[in-house]
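K.L.:
Mind looking over this structure? Questions follow.
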Amino acid sequence: MLFFYLSEVYAPWLAPYAYGIVLLGFLLFLFRFFENLYAAQFNKPLFRHYFIYKKLSAVQLSILTTEFNFYNLLTKKQKQQFEHRVAHFISEKRFIGRDNLIVTERMSVLIAAVGCMLSFGRKNYSYSLINVVLIYPDQFFSVINNNYHKGEFNPKEKALVFSWSDFENGFKITNDNLNVGIHEFMHAMQLEAKTSRDLDSLRFSKHFQNILKQLTLQNVKDKIDKTAFFRAYAFSNQYEFMAVLAEYFFESPTEFKSQFPKIYDYTKKLLNFNFAQY
């Protein structure tokens, strides 16, 4: 009896809150429905960000400004988004030095910046398959194939591994189409696209298939052989091809677009990349 009495007393006060919760849930459902409809229609997310709140320290921001040219090409709003993403990456991942290497602020900022540049067009940008970043001073011996590596992505351990000297050369030399940071981050992104069903992954898979179809065309194959534009390592397998393609996209966009416009366009759509000079 007491339960029913209390229900009668307090029900009028609770009703507005209940209606509000139901209305909020309905509006959220409509927003998600429209967001998915927009993504399906235009092949890109309606919003890449809901909130931008993480900030970099003055030292971290100085590193970006002075050493990472892509950041300086962005608009004011895009810079705020990029800073948020870099700060989020640094706070979420563990950076561990190997062979007595001490991880500096500069190392963590620049590694995060390369990863965030590659995923800047994506709504899902945090690389869920990466928990830890291992940094060696130089090339390291890998038990995966008993060989020395400049970088590798280990999905089993959720680890991204770099030789710092090679990573540094990758972003300092911007026109040789060799960037171990972009290369290894792309491996992580591609595997995530293969195992996930979010909008970014679906777009990635769709346009990667379009790229592969281009490679079956005789005129494209002939041009690849004739120009030798992509280095031979790209044709080791599909994963290496996509990783090398990403290096060329960022380091030689003008020549890439001129030589293979359709493959360039599919790569741009795959990354949803409409920033800076791309």
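The values are calculated or read from the model by the stated rules, or taken from the named source; none is laboratory data. Since the structure is predicted, the reported quantities are computational estimates derived from the model, not experimental observations. Please note: Cβ atoms are built from the backbone with ideal geometry, for glycine as well, and neighbour counts cover all protein chains shown.
K.L.:
Looking at (1) modelled with pLDDT under 95; (2) buried (at least 21 other Cβ atoms within 10 Å of the Cβ), find the lone condition where TYR148 falls short.
P.N.:
It fails just one condition, (2).
K.L.:
So, one more: Go through (1) modelled with pLDDT of 65 or more; (2) over 28 Å from PHE208 (Cα atoms); (3) small (Gly, Ala, Ser) one by one and return the number of the condition GLY115 breaks.
P.N.:
It is condition (2) that GLY115 fails.
K.L.:
Here is a follow-up. Has the range 258-274 got any residue that is over 18 Å from PHE120 (Cβ atoms), assigned to a helix (DSSP H, G or I), among the small types (Gly, Ala, Ser) and in contact with a Phe, Trp or Tyr (Cβ under 8 Å, 6 or more places away or on another chain)?
P.N.:
No, the range 258-274 contains no residue that is over 18 Å from PHE120 (Cβ atoms), assigned to a helix (DSSP H, G or I), among the small types (Gly, Ala, Ser) and in contact with a Phe, Trp or Tyr (Cβ under 8 Å, 6 or more places away or on another chain).
K.L.:
Something else about it: Can you pull out every residue in the range 218-235 that is out of contact with any Lys or Arg (no Cβ under 9 Å at 6 or more places or on another chain) and not in a helix (DSSP H, G or I)?
P.N.:
Listed by number, the residues that qualify are ALA228, PHE230, ARG231.
K.L.:
Does PHE235 qualify as being within 20 Å of PHE153 (Cβ to Cβ), among the hydrophobic types (A, V, I, L, M, F, W, C) and exposed (fewer than 15 other Cβ atoms within 10 Å of the Cβ)?
P.N.:
Yes; evaluated as a whole, the condition is true for this residue.
K.L.:
Would you confirm whether or not the range 256-265 contains a residue that is surrounded by 17 or more Cβ atoms within 10 Å (Cβ to Cβ), closer than 24 Å to LEU74 by Cα, touching a residue at least 12 places away in the same chain (Cβ under 8 Å) and of a type in the set (D, E, K, R)?
P.N.:
Scanning the range 256-265, I find no residue that is surrounded by 17 or more Cβ atoms within 10 Å (Cβ to Cβ), closer than 24 Å to LEU74 by Cα, touching a residue at least 12 places away in the same chain (Cβ under 8 Å) and of a type in the set (D, E, K, R), so the answer is no.
K.L.:
While we're on this one: Taking strands (runs of 3 or more DSSP E) that do not extend beyond the range 102-156, which have at least 1 residues that are among the β-branched types (Val, Ile, Thr)?
P.N.:
132-136
K.L.:
Might you check whether a residue that is among the acidic types (Asp, Glu) and buried (at least 20 other Cβ atoms within 10 Å of the Cβ) occurs anywhere in the range 96-103?
P.N.:
Checking the range 96-103: not a single residue is among the acidic types (Asp, Glu) and buried (at least 20 other Cβ atoms within 10 Å of the Cβ).
K.L.:
From LYS213, LYS194, LYS206, which residue is surrounded by fewer than 14 Cβ atoms within 10 Å (Cβ to Cβ), outside any loop (DSSP other than H, G, I, E, B), at pLDDT below 95 and not assigned by TED's automatic domain parsing to the domain that holds THR65?
P.N.:
After ruling out the rest, the residue left standing is LYS194.
K.L.:
Applying the selection to the range 40-65, what residues are at pLDDT 95 or above and surrounded by 10 or more Cβ atoms within 10 Å (Cβ to Cβ)?
P.N.:
Selection gives LEU56, SER57, VAL59, GLN60, LEU61, SER62, ILE63, LEU64, THR65.
K.L.:
When the range 60-98 is examined, which residues are found to be over 25 Å from PHE250 (Cα atoms) and either in a loop (DSSP other than H, G, I, E, B) or not assigned by TED's automatic domain parsing to the domain that holds GLY115 (or both)?
P.N.:
ARG98
K.L.:
Which one of these does VAL180 not meet: (1) farther than 27 Å from GLU157 by Cβ; (2) within 19 Å of the chain's Cα centre (by Cα)?
P.N.:
Status for VAL180: all satisfied but (1).
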